[in-house]
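First comes the structure, then the notes that go with it.
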Amino acid sequence: MSTTEADMTEATRAVSTTQQVQRRAASAGLELVQCRRSFDKVHALNGFSISIAPGEFVALLGPSGCGKTTALRAVAGLEQLDEGEVLVGGENVTRLPAHRRNLGMVFQAYSLFPNMNALDNAAFGLEVRKVPAAQRRARAGELLDLVGLTGLAERFPHELSGGQQQRVALARALCAEPRLLLLDEPLSALDAKVRGQLRDEIRRIQLEFGITTLFVTHDQEEALSMSDRVGVMRTGRLEQLGTPAEVYSHPATDFVAQFVGSVSRLPGEIVGPGTVSVLGSRLPVPNVASAELPSGSAVDVLVRPESIRIRPSADGPAEVVRASFFGASVRVVAVLPGGVEVASTLSAADSYTLPAGARADIELLDDVLFVVGRQPAP
Amino acid sequence: MIRNRTFRYVTLGLIGLYVIVPMYATVQFSLEGGYHGRLSFAAYSQGLSQPGLGSSIITSIEVSFGAMALTLALLVPTIIFVNLRLPRWRSVLEALSLLPLGVPPIVIIVGVLGVYNSLPNWIIVSPVILVLLYVVLALPYSYRAIDAGVRSIDLHTLVEAGRSMGAGWGKLFARVLFPNLRSGILAASFLVVALSLGEYAVASLLLPTQPTFPVFLAGVETSGVYLSVALSVIALAVTWGLLAAISVFGSGRRRSSAAATAAAGADGPDEPLAETAVPSPPAQAVA
């Protein structure tokens, strides 16, 4: 387990379960029903539906233009739907203006008010709600402490780093005790190290508050590491909604299999009911639709890099073409006769025996991820 | 570095001379109205005792501040709305705002008289008609000043952040947009006030019965050259005073609110991000 994961687990444990349950009770669930939104001829949302339980952290993940930000903005009231409904805590807020929805939002762009210092920024939601000045300043101060900005309350946005500004934005979003927290790629403008730190902070605070959170990102690592459930979107629809492990290990569609994590696409053949032959192994077909394909059907078999072993072998069928170093691991890519590329994740030590140009054997270690029928060439 | 600094001082000095020398000469000339080459304030005493001076200054101030208020009330929300919701219309609005520059004031007067004739009589025979026209005449400058201010901030994000925090449009304008657009608003205010205080042609044709200060000044020019120059200097001082008051009002309010915010429990507007850059008032405020 990495240091970050260990810190995360510790932080998570530190939050009292009772506290979480109490706060979760105050947090609202979220439901989007058959939402549609078009811009000119582009369907940003095309019958999008999702249901999020109170206190749950759900990430919407998908490629650019898949409609994830539109969905988030529709929840915030910053985008009007053409069709469909948004329900917060069972209340239909579809036609409610943004400022009456009582939601907290952190934006991708730095969105602090330049004319206010960190404390006044954080207290803005309470100021709007006419909370007495002393009370709101005390509350905003607590929130700034919570996001790790003790002593920086009097600083103005231009005196804060990007990470600090997003922390203030998070404090501001939470200060007025919103029913939902909406995060619109809040980490994407930050450098990798700060992004990692803030990712853990956001999750810790979300657990502490027990607040229902919808998080939009195109970064699958963020989505998988932070969320209770991940929704993978494509062309305005939800392809799959499940726990990070479900989405990663049991993708519902070949798009999800290929978008989340990385896969090698190997040629295979259905050799019996629910059985596929690939690289000389006979393995069960994981997805129902492809399991019903008749014997002899040509298929593509999607396999994760960690399910493949590439071993040096002087008379092996594959040739190593490149190796990419990632610190703890190395991603080795070999090419099979016919030009099919196979990727495997190896330890750095194992990869030393596989320089580019080396001959190698390919072996499947685990079940295949997904099987998709191959379309006949036109 | 030293060369740079020298260049800066020389440039500043030359600009200073360009502005100050004519004013010094004007003041010097106005003081030579005494006898036997002695300097005296005789022309000023005579000028200040002219009947109609006070009322013309008051009319000018009313008109200029009325034009400023109407300009801000019309332009600030419009420019914000267009930038937020109708960005494609920005170029149209920009082109429209330039029209008053391409049409001579006398043509505008003839044109608008037909339109304004349908207005109630109390508008046509009062300084209100000048307010309406000065808003149009100042449009090329005021539009640009406010638009530049709006474009210098991330309007979309600030508005959406404010709205998502529960702020209605009133709160958003008062606490977020106006403070961050202060420099553009102040610049537009200066330009409208300066233009309104110095305008002669429109005022003399549309409101001859209630002269503004430039119209009054033209009327007394025949009474003596020293007198009219002394009145010009007075007009310049009044204009500067008003512009300085606007500037102090803007920044002074900011300082006091910052102090209020610094005190625990303060419940007022907050300290701004940076000092507001405001252009110098135009020197040709008075004709």
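The values are calculated or read from the model by the stated rules, or taken from the named source; none is laboratory data. Every value quoted in this text rests on a predicted model; they were computed, and no experiment measured them. FYI the Cβ positions are ideal-geometry reconstructions off the backbone, even for glycines, and counts take in every protein chain you see.
Quick notes on this one:
- Residue within the stretch A:277-296 that is out of contact with any Pro (no Cβ under 9 Å at 6 or more places or on another chain), free of Cβ contacts under 8 Å to residues at least 60 places away in the same chain, crowded, with 20+ Cβ neighbours inside 10 Å and outside any loop (DSSP other than H, G, I, E, B) present: no
- Count of residues meeting criterion [more than 15 Å from A:Leu103 (Cβ to Cβ) and out of contact with any strand residue (DSSP E or B) (no Cβ under 7 Å at 6 or more places or on another chain)] in the stretch A:51-89: 5
- Residue in the stretch A:341-361 that is modelled with pLDDT of 85 or more, of a type in the set (Ser, Thr, Tyr) and crowded, with 19+ Cβ neighbours inside 10 Å present: yes
- Some residue of the stretch B:183-191 being within 14 Å of chain A (Cβ to nearest Cβ), modelled with pLDDT under 90 and within 30 Å of A:Ala98 (Cα to Cα): yes
- Screening A:Asp315, A:Asp300 for residues that are in a strand (DSSP E or B) and acidic (Asp, Glu) leaves exactly one candidate, A:Asp300.
- Of all residues in the stretch A:176-187, one or more are of a type in the set (A, V, I, L, M, F, W, C) and either in contact with a His (Cβ under 9 Å, 6 or more places away or on another chain) or free of Cβ contacts under 8 Å to residues at least 40 places away in the same chain (or both).
- Residue selected from the stretch A:253-276 under the condition under 16 Å from the mean Cα position of the chain (by Cα) and not aromatic (Phe, Trp, Tyr), by the criterion surrounded by the most Cβ atoms within 10 Å (Cβ to Cβ): A:Ala257
- B:Pro179 falls short on exactly one of the conditions (1) buried (at least 18 other Cβ atoms within 10 Å of the Cβ); (2) away from chain A (no Cβ under 13 Å); (3) farther than 26 Å from B:Val128 by Cα, and that condition is (2).
- When B:Thr212, B:Thr157 are checked against the criterion of being within 30 Å of A:Leu174 (Cβ to Cβ), at pLDDT 90 or above and either in contact with a Cys (Cβ under 7 Å, 6 or more places away or on another chain) or hydroxyl-bearing (Ser, Thr, Tyr) (or both), B:Thr157 stands alone in meeting it.
For (1) closer than 30 Å to A:Leu72 by Cβ; (2) touching a strand residue (DSSP E or B) at 6+ places or on another chain (Cβ under 6 Å), each residue gets a yes or a no:
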{"site": "A:Thr235", "(1), (2)": "yes, no"}
{"site": "A:Leu241", "(1), (2)": "yes, yes"}
{"site": "A:Thr253", "(1), (2)": "yes, yes"}
{"site": "A:Arg265", "(1), (2)": "no, yes"}
{"site": "A:Gly272", "(1), (2)": "no, no"}
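- Meets criteria (among the small types (Gly, Ala, Ser), within 30 Å of A:Pro186 (Cβ to Cβ) and within 11 Å of chain A (Cβ to nearest Cβ)) for B:Gly170: yes
- Residues that are more than 14 Å from every other protein chain (Cβ to nearest Cβ) number at least 1 in the following strands (runs of 3 or more DSSP E) confined to the stretch A:51-170: A:57-61, A:83-88.
- When the stretch A:214-233 is filtered for residues that are in a strand (DSSP E or B) and crowded, with 20+ Cβ neighbours inside 10 Å, the ones remaining, listed by number, are A:Leu214, A:Phe215, A:Val216, A:Thr217, A:Val230, A:Gly231, A:Val232, A:Met233.
- In this entry, B:Val220 is excluded by the filter for residues that are under 20 Å from the mean Cα position of the chain (by Cα), outside any loop (DSSP other than H, G, I, E, B) and more than 13 Å from every other protein chain (Cβ to nearest Cβ).
- The condition of being of a type in the set (Gly, Ala, Ser), touching a residue at least 24 places away in the same chain (Cβ under 8 Å) and over 19 Å from B:Gly198 (Cα atoms) holds for only one of B:Ser49, B:Ser97, B:Ser126, that being B:Ser97.
- A:Ile211, sole failed condition from (1) surrounded by fewer than 23 Cβ atoms within 10 Å (Cβ to Cβ); (2) more than 14 Å from the chain's Cα centre (by Cα); (3) of a type in the set (A, V, I, L, M, F, W, C); (4) more than 14 Å from chain B (Cβ to nearest Cβ): (1)
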